[in-house]
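The next block holds one structure in the form of structure tokens; read it before the comments.
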Amino acid sequence: MSKVGIIMGSTSDLPVMQEAVDILQGFDIEVEVDIVSAHRTPEKLFDYGKNAHTRGISVIIAGAGGAAHLPGMIASLSPLPVIGVPVKSRNSIDGWDSVLSILQMPGGVPVATVALDGAKNAGILAAQIIGAADKCVQDKVLVYKEGLKEKVIKGAEEVKKK
């Protein structure tokens, strides 16, 4: 069974990152959640990045605000796909500093980047990555996407009635 590691720089990021936890649990994908600060716990960051794949983790979602070094540093250390979630924090510049820090990675160190506070999409992307090799997860993603379609169709019908 695949597992997704969800890490963030501090507990203040948890309200945003909880959306990734929730969506992945909805797909019955196991999650491991932890606080790993690039600046305050660099030894933990190195250990996590170097060893996550040995613990059965298939994808890492890393959320960070401000300078947002966590996703890139993890990607530099890990052989796993990393999805970065820029978090609009109280010390950020409207979140743009986080978006650009995660988005502008050098060649050879890719980080898939979702929208500001876009942890839900990070969870869906992680499920799709896992689903490429796991038919059970892929089927759940297909059902989820069909539900999105049905919701739009229902909404369109409601608008037409008014």
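The values are calculated or read from the model by the stated rules, or taken from the named source; none is laboratory data. Please read all numbers here as calculations on a predicted model, not as lab measurements. Quick reminder, even Gly has a Cβ in these numbers, built from the backbone with ideal geometry, and neighbours come from all protein chains shown.
Structure data summary
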{"item": "The one condition in (1) outside any helix (DSSP H, G or I); (2) at pLDDT 95 or above; (3) hydrophobic (A, V, I, L, M, F, W, C) that I102 fails to fulfil", "result": "(1)"}
{"item": "Count - residues of region 101-124 that are touching a residue at least 60 places away in the same chain (Cβ under 8 Å) and of a type outside the set (D, E)", "result": "5"}
{"item": "Residue among I153, I83 that alone is in a helix (DSSP H, G or I) and aliphatic (A, V, I, L, M)", "result": "I153"}
